[in-house]
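Here's the structure, in structure tokens; my notes come after.
The values are calculated or read from the model by the stated rules, or taken from the named source; none is laboratory data. Since the structure is predicted, the reported quantities are computational estimates derived from the model, not experimental observations. Just the protein is used for accessible areas: all its heavy atoms, side chains included, with ligands, DNA and RNA removed. Shrake-Rupley method; radii C 1.70, N 1.55, O 1.52, S 1.80 Å.
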Amino acid sequence: MVNIPPSVLLDSILDSATLCCISSLLLLSLISLAFVFHLRFKSRDARKLQSFNSLWTVRFLLVTFIILWAFSELLRLSFFRRKYLFPFLPSLTLKQQANFCKVHVVFSFGFFEPGFLVTQLFLVNVSIKKRTPHGCWAVVFVLATCFPVLFMQVLLVFFSGLDQLPLADVFLRSSKIWRNDIGDEVVLCVYPLMSSIIFGSFGIWYLIVFALSCFKMVTLVINKGLRIRIYGLAFTVLIMLPLEIIFLVLSIIWGPEEMPYSAFAFLVFATTLVIAAMGEGIMVIKPIVDSLAAGEDKVFPSPSDRLSSEMEKL
């Protein structure tokens with residue numbers, strides 16, 4: 001009978017659970033995209049739906065960021081890299097393989113996750129404005145907000161000169177080479193502490209702005225169902241995002257080959273997954289379903305009804 005070490009067994013279970021969760025999120029994202037394009041195409045022939053369709057670009061951007069984040073999480077899984085990526089790149093050295101971990105850290109915490117968080121914030125803010133800005137403003141807003149975070153992540157993760165600074169290894173290390181039980185050398189991804197600090201700083205700013213935006217929106221909303229959706233979204237973000245930051249920081253205590261690290265890495269992924277799934281459900285699918293239903297029998301005839309229209313779209 002073969003005895004499987006507990007750490008290996010836990011890693012296998014968590015990696016399988018991560019893969020299943022990513023598949024489920026991608027399926028939800030495809031459904032969200034189907035709703036976005038369905039409303040987009042239907043509004044061309046139905047004038048009643050045109051006012052509801054003004055934010056389709058922003059919702060498309062939100063779903064796109066979530067899809068890209070999900071794919072970037074695959075790079076974190078060592079078994080996925082060994083089984084599906086490295087066979088097509090057999091000449092890669094261990095140092096070159098470690099670059100996949102750097103790419104994951106930079107884009108996941110520097111662009112994709114901040115991107116869909118900021119896009120959610122844009123949707124909340126625009127819902128309390130009397131005029132809906134063009135979708136291009138959402139792209140500009142997201143890029144302008146995420147660029148400082150992305151720049152700092154690239155600087156800390158890829159700029160080799162920082163390795164000469166008198167800092168502990170955990171501050172800048174994004175991967176570790178580990179020899180498994182059969183003697184193979186495997187590259188394991190880790191979260192650099194400096195990257196976690198940068199993302200944590202962004203998260204604190206985001207939590208403050210997001211809480212204020214949700215508070216403003218609640219003061220303007222009368223509909224009980226809409227209030228419940230706002231509370232649900234706010235509760236999810238305000239709970240899950242701080243937990244993610246805490247789990248990121250705590251993960252540095254252990255090495256990537258240890259059981260506690262695997263558990264915390266999965267919790268970091270799971271908290272982000274919950275925010276992404278709730279965002280698609282509340283900010284994309286539910287508003288479009290309501291828009292399609294309301295568009296059949298209701299028109300907003302004047303600019304004075306614009307705010308009510310935007311509220312119902314959220």
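Details
- Theoretical gain in end-to-end length, residue 243 to residue 228 [0.36 nm per residue, Cα-Cα removed]: 3.2 nm
- Vicinal HN-Hα couplings computed from phi for the stretch 189-205 (Karplus, 6.51 cos²θ - 1.76 cosθ + 1.60; Hz; Gly/Pro x): 7, 9, 9, x, 4, 5, 5, 5, 5, 5, 5, x, 5, 4, x, 5, 4
- Between residue 179 and residue 91, full extension at 0.36 nm per residue minus the direct alpha carbon distance yields a gain of 29.8 nm.
- Accessible area (Å², 1.4 Å probe, nearest 10) - residue 20: 90 Å²
- Area accessible to solvent at residue 64, 1.4 Å probe radius, in Å²: 40 Å²
- Centroid-to-centroid separation of the stretch 83-100 and the stretch 226-271 [C-alpha atoms, Å]: 29 Å
- The slack between residue 79 and residue 151, meaning 0.36 nm per residue of separation minus the straight C-alpha distance, is 23.0 nm.
- Probe 1.4 Å, all protein chains present, accessible-area order of 251, 23, largest first: 23, 251
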